[in-house]
Amino acid sequence: MAGTIHQAESAELLAELRQQAAAAARQLAEAARLRAGQIVVVGCSSSETVGRQVGTWSTPEVGQAIFDGLNSVFAPLGVYIAAQCCEHLNRALIVEREAVPGAEPVNVLPQPKAGGSFATAAYRSLRHPAALEHIRADAGLDIGGTLIGMHLKEVAVPVRLEQDHIGAAMVLAARTRPKFIGGERAAYDAALKDGYPD
């Protein structure tokens, strides 16, 4: 059964979640120096966001509010969201088709209890959504302990955000950077230590 929120508190709660999601997106975009064409993988438990255990209270309105808040920041930057589905869909991803030219899509329609409310919101909101099994994202947001690491490029670097919760859910963030190779005699480009320059 999908979760619900009381109508009396819903408008205020959803507005707060949108605000918090937008704040987290702004902070990550700045810390990771995100630029047009890059991809942020986002895993989101709407259950955890409303104070329930992950996978027990999928709430479509909450998933939509969080997607809208994130997208209000990422879309104007030209940054794509890859919405990670829940474990029932093997953590597949929903992303704009144009973000991943040449990728091999799979056929699945996320639902609140098989994919999750956030991925369902993404599928309904994107212009040309595609479902993929794998992606290598440039940065990530984990809202509620959804384990996004499998979809990040190497090397993932933790990012501490001031906006460390969305609703009741803890938020963890990461950016990526190129690998350092070659050992102690190697020389490195200092401009790449924090990621690719603008």
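The values are calculated or read from the model by the stated rules, or taken from the named source; none is laboratory data. What you are looking at is a predicted structure, and each value in this text was computed from that prediction instead of being measured. Cβ sites come from the backbone with ideal geometry, for glycine too, and all protein chains shown count toward neighbours.
Yes or no: region 113-126 includes at least one residue that is surrounded by fewer than 13 Cβ atoms within 10 Å (Cβ to Cβ) and either part of a strand (DSSP E or B) or not aromatic (Phe, Trp, Tyr) (or both). No, region 113-126 contains no residue that is surrounded by fewer than 13 Cβ atoms within 10 Å (Cβ to Cβ) and either part of a strand (DSSP E or B) or not aromatic (Phe, Trp, Tyr) (or both).
What about Leu28, is it in contact with a strand residue (DSSP E or B) (Cβ under 7 Å, 6 or more places away or on another chain), closer than 22 Å to Glu154 by Cα and assigned to a helix (DSSP H, G or I)? The answer is yes for Leu28. Only one of these is among the small types (Gly, Ala, Ser), free of Cβ contacts under 8 Å to residues at least 12 places away in the same chain and either closer than 19 Å to Ala137 by Cβ or surrounded by 24 or more Cβ atoms within 10 Å (Cβ to Cβ) (or both): Gly43, Gly69, Gly102, Gly37. Name it. The conditions single out Gly102. Here Pro158 fulfils each of the conditions (1) loosely packed, with under 13 Cβ neighbours inside 10 Å; (2) modelled with pLDDT of 95 or more; (3) outside any strand (DSSP E or B) apart from (3). Among the residues of region 70-108, the one identified as assigned to a loop (DSSP other than H, G, I, E, B), closer than 21 Å to Leu147 by Cα and either touching a Phe, Trp or Tyr at 6+ places or on another chain (Cβ under 7 Å) or among the polar types (S, T, N, Q) (or both) is Asn90. Of all the residues that make up region 96-132, how many are among the β-branched types (Val, Ile, Thr) and in contact with a helix residue (DSSP H, G or I) (Cβ under 8 Å, 6 or more places away or on another chain)? The total comes to 2. Within region 72-91, take every residue that is surrounded by fewer than 23 Cβ atoms within 10 Å (Cβ to Cβ) and of a type in the set (Gly, Ala, Ser) and give me the one that is farthest from Asp138 (Cα to Cα). Filtering first and then ranking leaves Ser72. Residues in region 54-62: is at least one at pLDDT 95 or above, small (Gly, Ala, Ser) and either in a loop (DSSP other than H, G, I, E, B) or crowded, with 19+ Cβ neighbours inside 10 Å (or both)? For region 54-62, residues at pLDDT 95 or above, small (Gly, Ala, Ser) and either in a loop (DSSP other than H, G, I, E, B) or crowded, with 19+ Cβ neighbours inside 10 Å (or both): absent.
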